[in-house]
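Engineer: Structure provided below as structure tokens; questions to follow.
Values in this text are rule-based calculations from the coordinates and carry no lab data. Please read all numbers here as calculations on a predicted model, not as lab measurements. Methodologically, a virtual Cβ is constructed for each residue, glycine included, from the backbone with ideal geometry; neighbour enumeration extends over all protein chains shown.
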Amino acid sequence: MARLVTPSKRYWNSYRRALAGFHAEKRFLRQDTPRLLKDPAGYLRALRDEARGVHLPPGWVPATTYWLVEEGTFIGRVTIRHRLNAYLRDEGGHIGYAVRASKRRKGYGTQLLRRALAKAAAMGLKRVLVTCDDTNVGSRKIIEANGGVLENRKRAASGVLKRRYWIRIHAKTRK
Ligand SMILES: CC(C)(COP(=O)(O)OP(=O)(O)OC[C@H]1O[C@@H](n2cnc3c(N)ncnc32)[C@H](O)[C@@H]1OP(=O)(O)O)[C@@H](O)C(=O)NCCC(=O)NCCS
């Protein structure tokens, strides 16, 4: 069964291979610098720092990243921002996620958001904003399957047309 874990060395090689695929799709995390990619311990430390709100660039909010793994394999990642800033309210939302290309359309994305909502509940969040590009059918289905209520479709400051959903997190939300 897949589960969410704190990023660790154990899954690094599997993660690194998936990351090459994310980069080919022009999907980067702030930690994906040439220096940190050669230094797994430093990379993992940078993720932990981000969760603790340490060494954040000006204006950035603390955010916790989890990896969805199954039998030693990295499947996907999810990042939960602890609060919104102007950019996140407009476009990015509280929760961002990605599933490695070879594992898509098997239900992992839906599961990833469901498990992330349980983590968000444990962090004390009551309601989260989750957004996707208007054209991202997979993400839209994931959000709606997890109780997303559409607030609006809106052209974000970046020019991208976004769907902005709110998900109310119930106390009974399970992992
Ligand atoms: C979007 C993404 C997370 C979907 O992950 P996934 O593991 O394929 O999602 P699921 O298997 O849970 O699919 C959920 C639903 O969307 C559908 N779906 C998934 N990808 C789809 C696609 N490219 N086109 C149409 N439908 C799609 C699935 O068939 C499923 O439909 P169903 O509920 O009617 O059966 C994945 O494609 C991804 O990581 N993309 C790049 C990153 C990204 O876009 N992240 C989201 C940012 S908001």
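Engineer: Can you tell me the FRET efficiency between Asp32 and Arg89 if r is taken as the Cβ-Cβ distance and R0 is 25 Å, rounded to the nearest 0.05?
Structural biologist: On the way: r = 24 Å, r/R0 = 0.97.
Efficiency for this residue pair is about 0.55.
Engineer: Could you give the length gained by full extension between Glu70 and Ser102, i.e. 0.36 nm per residue of separation minus their alpha carbon distance, to one decimal place?
Structural biologist: Gain on extension, Glu70 to Ser102, equals 10.2 nm.
Engineer: How much length is gained if the chain between Ser8 and Trp166 is pulled fully straight, taking 0.36 nm per residue apart and subtracting their Cα-Cα distance, in nm to one decimal?
Structural biologist: Working: separation 158, 0.36 × 158 = 56.88 nm, distance 3.04 nm.
Value of the extension gain: 53.8 nm.
Engineer: Over the chain, what is the mean sequence separation of C-alpha contacts under 8 Å (at least six apart), divided by residue count, expressed as relative contact order in percent?
Structural biologist: 18
Engineer: Taking loop as defined by DSSP and a crowding limit of 14 other beta carbons within 10 Å, which GluC sites (Glu not before Pro) in region 1-92 fit? Each step should come with its number before you reach the end.
Structural biologist: On the way: sites: Glu25, Glu50, Glu70, Glu71, Glu91; in loops: Glu25, Glu71.
Here the sparse-neighbourhood loop sites are Glu25, Glu71.
Engineer: Separate question: How much length is gained on full extension from Glu144 to Arg52, taking 0.36 nm per residue of separation minus their Cα-Cα distance?
Structural biologist: Gain in length upon complete extension: 30.1 nm.
Engineer: By how many degrees, 0 to 90 and rounded to 10, does the Cα axis of helix 108-122 deviate from the longest principal axis of the chain?
Structural biologist: The angle comes out at about 80 degrees.
Engineer: Still on this structure: How would Arg140, Arg77, Arg16 line up from fewest to most surrounding beta-carbon atoms within 10 angstrom? Working shown, then result.
Structural biologist: Details: Arg140 17, Arg77 25, Arg16 13.
In order of increasing Cβ crowding within 10 Å: Arg16, Arg140, Arg77.
Engineer: Please list, in order, the residues from region 132-147 whose amide nitrogen is less than 15 Å from a point placed 7 Å along the Cα→Cβ vector of Arg155.
Structural biologist: 134
Engineer: Mind checking the angle between helix 12-24 and the chain's longest principal axis? C-alpha axes, 0 to 90 degrees, to the nearest 10.
Structural biologist: Once rounded, one gets 60 degrees.
Engineer: Separate question: Helix 40-52 sits at what angle to the longest principal axis of the chain, using alpha carbons and giving 0 to 90 degrees rounded to 10?
Structural biologist: Computed tilt is about 30 degrees.
Engineer: Quick check on the exposure proxy: order His170, His94 from fewest to most C-beta atoms within 10 angstrom.
Structural biologist: Values: His170 11, His94 26.
In increasing order of surrounding Cβ atoms, one gets His170, His94.
Engineer: Which value at 222 nm does the chain reach when only helices count, each DSSP H run of 4 or more adding -39,500 (n - 2.57), with the total divided by all residues and rounded to the nearest 500 deg cm²/dmol?
Structural biologist: Details: 5 runs with 54 residues, N = 175.
My calculation for the chain gives -9500 deg cm²/dmol from helical runs alone.
Engineer: Where Rh is the Kirkwood radius over the Cα pairs of the chain, the temperature 20 °C and the viscosity 1.002 mPa s, what D in µm²/s does Stokes-Einstein return?
Structural biologist: On the way: Rh = 16.5 Å.
Reported coefficient: 130 µm²/s.
Engineer: Suppose each label sits 7 Å from its Cα in the direction of the beta carbon; what would the Met1-Asn136 distance come out to in nanometres?
Structural biologist: Taking the two extended label points, one gets 2.8 nm.
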